[in-house]
Amino acid sequence: MGAGGGVRRRARRRGRTVRGGLRLHRAPVGGTEGPRSRGNRRHAGRRRHVRRARPGGPAGADAARTADRRHLRVPARRRAGGVAADRVRRGRDGGPRDRGRHRRGGRRVRRPRGRETAEGTVRSERRPVVIDAPEPLAGRVAVVTGGADGIGLATAERLAAAGATLVLVDVDPALPDIATTLADRHARAVLPITADVADDTAMADGFARVDAEFGRVDVLVNNAGIMTPHLVPVHEVALPDFDAMLRVHLRGAFVCARLAVPLMRRGAFGRIVNLTSVLGTLGLPGRSAYAVAKTGVIGLTRSLAVEGGRYGITANAVLPGWILTGRLRARLAAGTLDHDRYAERTPVGRWGDPADVARMITFLALPASGFLTGGVFPVDGGYCVRGDADEDIGPVHDRQEVG
Ligand SMILES: NC(=O)c1ccc[n+]([C@@H]2O[C@H](COP(=O)([O-])OP(=O)(O)OC[C@H]3O[C@@H](n4cnc5c(N)ncnc54)[C@H](O)[C@@H]3O)[C@@H](O)[C@H]2O)c1
């Protein structure tokens, strides 16, 4: 492929369309006439290579070729030391218009953008800031795996409260009842899919149902997981147990992500949140299979972030510390887990609540969180940053916390 092909591809990539209020980062396909796109116009003051087709000017492939030639001329004009003619744009009145910059006393200065008022320049006109809408996920569809219990159920509650339509995936046969309860409580559509996340056929059917019913997937929370109650050293781990651990956590998250991504790309928006663990970053004895799975989840997250970035899809991992879910409460009650030991080891001096994790997941799922991607966000009360667990950090004091 010659250099011209690369330039053309870039020119096409920069084409944008606006559909249904959402800005789509899509290339125009042939025959585009008039202004290339609103997105381009919006960025005309900032982006050097983004151009606006003039009415009556070249359209479609011709416009792209013209853009190519202009792009290629830029270095020569820079060498000539003048203001590049291709940077000069015609304003509505036919007069010359530059791209937001002009020269004063030989220095390039930024021309104020936005509306001039008595208070100064109002810039927010161009980019409305909407971060605290009452239901920021209204109209969005969120899939939560392992949504019948624990962190998944708490997350489903939060996402529904934020306005999302829910799809819950779980192997728990009580899932349909749980979905009905949630739907009643939040007055939202909640679709239960009773399936194993690692079963690609069942999950393909499930996502096809979601597509048929709602026509979109905006959020995927890969939360379904299993834990073994006993600690087993690597050399004693039965391989079927190892396989089972990887199957649910890693294959399950992978299967769901590969089904969700095409739907997210189609909608030009996506938020993927994968659940990892302190075992994804720290070595602890007797939990090797779980650690392998949770470390793999972080690798998947990074790949999804890089692949999705250009399509409006973010991917992040949330790293819970010790969280008091029903299952762990049962183990505490059975005496197979020491409550005080983990509370003491955690700098904030307590176990986490499923709602602590659900808040972080919901935050990452918001449309306004689009610049957060590829991250691993601990919700562990400081567990992972405490270096020396034997060093005394004192007693837990009375404090105020927002629940
Ligand atoms: N609770 C913690 O302290 C903690 C800490 C770190 C990480 N995590 C992770 O957070 C996630 C949720 O943990 P939790 O404590 O809420 O667990 P949980 O056991 O309370 O809930 C897990 C849910 O996943 C479902 N599930 C299990 N296997 C499934 C499968 N193959 N397909 C579909 N659904 C399946 C279960 O039925 C259950 O409803 C897990 O990935 C877990 O590894 C939890």
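Can you give me the number of residues within the stretch 212-252 that are away from the ligand (no atom under 11 Å from the Cβ), in contact with a Leu (Cβ under 9 Å, 6 or more places away or on another chain) and assigned to a helix (DSSP H, G or I)?
2
Which of the following residues is in contact with a helix residue (DSSP H, G or I) (Cβ under 7 Å, 6 or more places away or on another chain), of a type in the set (Val, Ile, Thr), under 22 Å from residue 374 (Cα atoms) and within 10 Å of the ligand (Cβ to nearest atom): 278, 273?
Matching residue, one of 278, 273: 278.
Quick one: count up the residues across the stretch 208-258 that are buried (at least 23 other Cβ atoms within 10 Å of the Cβ) and over 30 Å from residue 287 (Cβ atoms).
Number of matching residues: 2.
Kindly indicate whether any position in the stretch 268-282 is farther than 24 Å from residue 356 by Cα and over 15 Å from the mean Cα position of the chain (by Cα).
No, the stretch 268-282 contains no residue that is farther than 24 Å from residue 356 by Cα and over 15 Å from the mean Cα position of the chain (by Cα).
Residues are listed down the side, and each one gets a yes or a no for (1) within 19 Å of residue 216 (Cα to Cα); (2) out of contact with any helix residue (DSSP H, G or I) (no Cβ under 8 Å at 6 or more places or on another chain); (3) outside the structural domain of residue 225 (by TED's automatic domain parsing):
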{"residue": "148", "(1), (2), (3)": "no, no, no"}
{"residue": "153", "(1), (2), (3)": "no, no, no"}
{"residue": "162", "(1), (2), (3)": "yes, no, no"}
{"residue": "180", "(1), (2), (3)": "no, yes, no"}
{"residue": "184", "(1), (2), (3)": "no, yes, no"}
{"residue": "187", "(1), (2), (3)": "no, yes, no"}
{"residue": "192", "(1), (2), (3)": "yes, no, no"}
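When you scan the stretch 333-346, do you find a residue that is surrounded by 15 or more Cβ atoms within 10 Å (Cβ to Cβ), touching a helix residue (DSSP H, G or I) at 6+ places or on another chain (Cβ under 7 Å) and modelled with pLDDT under 95, even just one?
yes
For the stretch 341-392, name all the residues that are part of a strand (DSSP E or B) and at positive phi.
Result: no residue meets the conditions.
Any residue in the stretch 169-180 that is more than 14 Å from the ligand (Cβ to nearest atom) and surrounded by 13 or more Cβ atoms within 10 Å (Cβ to Cβ)?
no
Any chance you could count how many residues in the stretch 376-403 are closer than 26 Å to residue 219 by Cα and buried (at least 16 other Cβ atoms within 10 Å of the Cβ)?
6
The values are calculated or read from the model by the stated rules, or taken from the named source; none is laboratory data. Treat the numbers as computed from the prediction; the structure is a model and nothing was measured. Because the Cβ atoms are built from the backbone with ideal geometry, glycine has one as well, and the counts that use them run over all protein chains shown.
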